[in-house]
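Read the figures in this text as sums done on the coordinates, not as results from a lab. All of these numbers come straight from a predicted model, not from anything done at the bench. Methodologically, a virtual Cβ is constructed for each residue, glycine included, from the backbone with ideal geometry; neighbour enumeration extends over all protein chains shown.
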Amino acid sequence: MIDPQPPQLEELLARCALNDQAAFAQLYKKVASKLNGIAYRILNNVDSANEVLQEAFVQIWNNASEYRQDKAEPMTWMASIVRYRAYDRIKFEKRRIEGAQIKADIEGFDDIADKRTDGIQLCEIDQQLTDCLADLDVNQRKSVLMAYYYGFSREEISSQFEAPINTVKSWIRRGIERLQQCLGN
Amino acid sequence: MSRKLENTVIQRYVAPEVVDHLASNYVTGLLNARVTRRVNKLRKQYDYLALDTRITYWEQKLAPLNEQVPALAPKPETWKNIQQSLHLTDSKLATKQAEQQGQSWFKWPSLSMWQLSSVFSLVVCVVLGFQLINQPAITPTVPDVLSYIAVLESENETPQVVASTYGESKTLVLDILTLPDIDTEQSYELWVTSKTDNQTRSLGEIPKGTTNFDRQLSEAEWRLIADSSFLLISIEDEGGSALGEPSEDVISRGLCIRLAEREVQI
């Protein structure tokens, strides 16, 4: 007898929409650590990350019927919920931007350009995105990634770079425009 | 508000350049709270379908960036809190699965201090013994090659935390034997001191009230471990050290020993 395949995330979300609590527990078991990691990356605080994870899963349960398989991957949909909740929270919390680890990671953004030159893909980032990010100017790339990864505001990026806020706005605007052109519509 | 003005506002939010600006900045978290709330409302309305479509576009395009973010095991109580928030206590199966996920495999019996002390010493010996003899490690969730290990001890040489890192998955595992009580407004923070430049850098907070904690390390964090001479734990204000260096309240410290023979990529 062939063992049944474990349920996919799409199926678990569909069952959550039908108030299947066991499916919800399975979904949590499958993705909670990854989503918590995404929240932690932005918030840099274990307790806050767990609180955001909790809020996000309440939202996932309540809005599971809104998930559309034809529009987004299930992990993208859930990760977006977590990121937006984390961005909301960080606007109300004092950030620890002085942390040495964040600085090290920001310096590591240079690897995106370096590794493409060497023909090596940066971890699991897909090739198209790697190439497009590598084509940005270094400050454009860092600004966009600092916002996405850590939820930095323009003011915080300006402070990190010790650059005028209007310069940072320009980096971000041009960076996103170039990224969009490169990624295609 | 006049009908004319209302229509003007609607037109603004369907203009392609405005839609693109809003969508990209929404996905990268760059909108302020007020505009974010407005976008949250608009994207659910049929008239602004283009806005929702562009948000989905950016979410999908940037989603690969999330793949390299290290996972972090949630605290056991998080699932219970979710269940309570949603009143999901009726499902026996859900509860059972959550307990399997969140609860420790071993409940501490009521023991006196000397008994606990003996148990802690025994645990350290067993963990170290098995990990040194039987590679990959015994930690069931990380079937991997044990690369580095550090036993962090208090000033009076009481083992407090066993820190292990696994090379294949770049996972950090902390077995917390005992740590001093701290206030609710304080937290434990793990640090690594470099062999090369003798600088001490943060590896993040350790959740309170857990006996076992594991998380994936980023590339930068793995480099710190590979170059480490010892690990230490300090007590900081909640949220971690604001200065990027440990406070004077260092409670635990241990040499980091490399175990894996094969070359670790840095």
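Divide the volume of the convex hull around the Cα atoms of region B:192-261 by the residue count and you get 119 Å³ per residue. The trypsin sites (Lys or Arg not before Pro) of region B:182-266 that DSSP puts in a loop, and whose beta carbon has at most 10 other beta carbons within 10 Å, are B:262.
Here the spin labels are modelled as points 7 Å beyond Cα on the Cα-Cβ line, and at residue B:195 and residue A:181 they lie 4.8 nm apart.
Mind jotting down the distance between the C-alpha centroids of region B:207-244 and region B:28-57, whole Å? That distance is 37 Å. Each peptide in B:14-23, A:83-92 gets a packing score, the mean of other Cβ atoms within 10 Å over its residues, and the list from highest to lowest is A:83-92, B:14-23.
Taking label points 7 Å from Cα along the Cα-to-Cβ direction, residue A:161 and residue B:210 give a separation of 3.5 nm.
Which stretch or stretches of region B:180-214 have amide N atoms under 19 Å from the point lying 7 Å from residue B:238's Cα along the Cα→Cβ direction? Only B:180-190, B:204-210 fall inside the zone, counting backbone N under 19 Å.
Shielding of B:152-161 by partners, i.e. mean partner chain Cβ atoms within 10 Å per residue?
Neighbouring Cβ atoms belonging to other protein chains average 0 per residue here.
Spacing of the modelled spin labels on residue A:70 and residue A:8, each 7 Å from Cα toward Cβ, amounts to 1.6 nm.
When only alpha carbons of region B:3-68 are considered, Rg and Dmax amount to 12.6, 49 Å. At full extension, residue B:247 and residue B:84 could sit 55.0 nm farther apart than now, given 0.36 nm per residue minus the alpha carbon distance.
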